[in-house]
Each structure stands twice: as structure tokens, then as C-alpha cells.
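So the structure is just underneath, and the comments pick up after that.
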Amino acid sequence: MFHARLVDNQVIIEEDNFEKGLSQLLIKAGIKAEHIVTSSFLDNSDQQRTYQTL
């Protein structure tokens, strides 16, 4: 199960229960890593971070 939102040109992941991570699946599907944002701190958008591949 996961919860994500599409806002402008970004995928904001709010909950990710995938074993290997939803971000990796989205990247393999063709979404650019810089368009994926994790939203661990929903109340403070300053703490949201852009997903980066290693």
C-alpha cells in the first residue's frame, strides 16, 4: 500500500510500504528522480526532500 499525490510535475510520496521503495519503481517506470518528493514531514513543507538516486 502507498499514498502519493501528483502536484504540478512532482510525485509526492506520503506513505510508502513497498519493500524496495516506491521511488525506485517510479524511476524504473520512467519518472525522473528529481520529480519524486518524499513527504515525511507533512506539516512542514520546508523539510520535504527531493528523492535522489545513489
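Derivation of every value follows stated rules applied to the coordinates shown; laboratory data play no part. Model, not experiment: these values are computed from the prediction.
Taking amide H as placed 1.01 Å from N in the peptide plane, T38 has its amide H under 5 Å from the amide H of I13, R49, Y51, each at least 5 places away in sequence or on another chain. Given 0.36 nm per residue, what is the gain on full extension from A33 to D8 after removing their alpha carbon distance, in nm? Taking A33 through D8 to full extension adds about 7.5 nm, to one decimal.
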